[in-house]
1. Restricting attention to segment 9-20, does a residue exist that is modelled with pLDDT of 85 or more, not in a loop (DSSP other than H, G, I, E, B) and not aliphatic (A, V, I, L, M)?
2. Kindly list the number of the only condition in (1) of a type in the set (A, V, I, L, M); (2) in contact (Cβ under 8 Å) with a residue 40 or more places away in the chain; (3) crowded, with 24+ Cβ neighbours inside 10 Å that fails for residue 119.
3. Restricting attention to helices (runs of 4 or more DSSP H) lying wholly within segment 104-212, give those where 1 or more residues are of a type in the set (Ser, Thr, Tyr).
4. So, in segment 311-341, of the ones that are within 22 Å of residue 165 (Cβ to Cβ) and in a strand (DSSP E or B), which residue ends up least open to solvent (accessible area, probe 1.4 Å)?
5. Among the listed residues 53, 72, identify the single one that is at pLDDT below 90, open to solvent by 50 Å² or more (accessible area, probe 1.4 Å) and in contact with a Lys or Arg (Cβ under 8 Å, 6 or more places away or on another chain).
6. Examine segment 288-306 for a residue that is open to solvent by 20 Å² or more (accessible area, probe 1.4 Å), charged (D, E, K, R), closer than 28 Å to residue 225 by Cα and in contact with an Asp or Glu (Cβ under 6 Å, 6 or more places away or on another chain), and state whether such a residue exists.
7. Report whether or not residue 194 is assigned by TED's automatic domain parsing to the domain that holds residue 249, under 21 Å from the mean Cα position of the chain (by Cα), open to solvent by less than 20 Å² (accessible area, probe 1.4 Å) and in contact (Cβ under 8 Å) with a residue 40 or more places away in the chain.
8. Spot the failing condition for residue 237; the list is (1) touching a strand residue (DSSP E or B) at 6+ places or on another chain (Cβ under 9 Å); (2) not in a helix (DSSP H, G or I), and only one is missed.
Amino acid sequence: MRSVMVQIPNTPTSADVARLAGVSRATVSYVLNNTSAVRISEPTRRRVREAARELGYVPHAAARSLRAGHSRMVLMPAPAIPVGPLYSRFLNELQWALGRLDYTVVQYGSVGLQGDEAARAWAELRPVAVLVPGAGLGPQGVHVLKRSGARAVVTLGPDRVEGAHALLMDHEAVGQCAGAHLYEGGRRRIGVVVPEEAGLEAYSRPRLAGVRQALQGTDATVTELPLAYTEEAAARLAARLAVPGRESGLDALFAYNDEYAMLLMRALQDEGVRIPQELAVIGADDLMLGRLLRPRLSTVHIELPSGRDLAELVDRAVRDPGGEPEVHRVLGASVVRRESS
């Protein structure tokens, strides 16, 4: 039986890149790791990158982590709830900004795991930082992550978690804006559309509470209207609202977001309800599609934190893991009045 020799091509190394570019291995490391502490001319940087590209050389993440004493992985648990265009844009900006700082962003799907149990699963990957959207993570989960080597844990939600940096998002302010706008427009019987989908309570309940706060002490009433995000559910609710006198005599609706507002507004128009003459409608998120409807959809414009600012917070925390956790209130809300209200 004849044996066949198979030649396995050599994997290029940083030494190969250094020889081809005519520089030291240290210079290759500085350039490919985007080290800003060492001044290297742009022509030299370009020469190193071209040599690495020609040889097919890619830096070894594990080896780099060993040298640094920690990884460059920033773990972001995948949201367990549907995320709209507004949050998707924020995530894209954040990932781009972290990439510019030489971090690798990994989204982790932890279906079925919640809170501190999920934190143990995240810790197995040994990330240098973890960004946790929503509620659920507790102080014990933060402790587990830090014991595993995470230098920064940042939560994005309504409340602080002991030991973690916090970006506090006050969704009550969204409801307060909508409620005040409808009241100032003469509306007194206001329905608030609350999603039936599981997982959205951390956002929808504060928005409902915000409407109630805005109207407290006035002659206005607030009616909670649960709604599943389906055409059938919207048609059923619209049929109830369209009967003579309408449910609870409502004269205005604040929907959880623009998507729910558009879903219900279309169903109401199919039932012959005139918007805004009979029923004013306002949503939240300020999506482009809302401007294309007729009548154009009023909305609450939401200012999410800058992805670049959050990336810089992560970088500061990684460089100084013993620093005092930072707390920032980051959610801004303002009404954009259009024809629907």
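The values are calculated or read from the model by the stated rules, or taken from the named source; none is laboratory data. Just so it is clear, the model here is predicted, and its values are computed rather than measured. Neighbour counts run over all protein chains shown; Cβ positions are idealised from the backbone, glycine included. Ligands, DNA and RNA are excluded from the accessible area calculation, which covers all protein heavy atoms including side chains. Shrake-Rupley method; radii C 1.70, N 1.55, O 1.52, S 1.80 Å.
1. Yes, segment 9-20 contains at least one residue that is modelled with pLDDT of 85 or more, not in a loop (DSSP other than H, G, I, E, B) and not aliphatic (A, V, I, L, M).
2. The number of the failed condition is (2).
3. By residue number, 172-184.
4. The residue in question is 332.
5. Result: 72 is the single residue among 53, 72 that is at pLDDT below 90, open to solvent by 50 Å² or more (accessible area, probe 1.4 Å) and in contact with a Lys or Arg (Cβ under 8 Å, 6 or more places away or on another chain).
6. Yes, there is a match, as at least one residue in segment 288-306 is open to solvent by 20 Å² or more (accessible area, probe 1.4 Å), charged (D, E, K, R), closer than 28 Å to residue 225 by Cα and in contact with an Asp or Glu (Cβ under 6 Å, 6 or more places away or on another chain).
7. Answer is yes for this residue.
8. All conditions pass for residue 237, except number (2).
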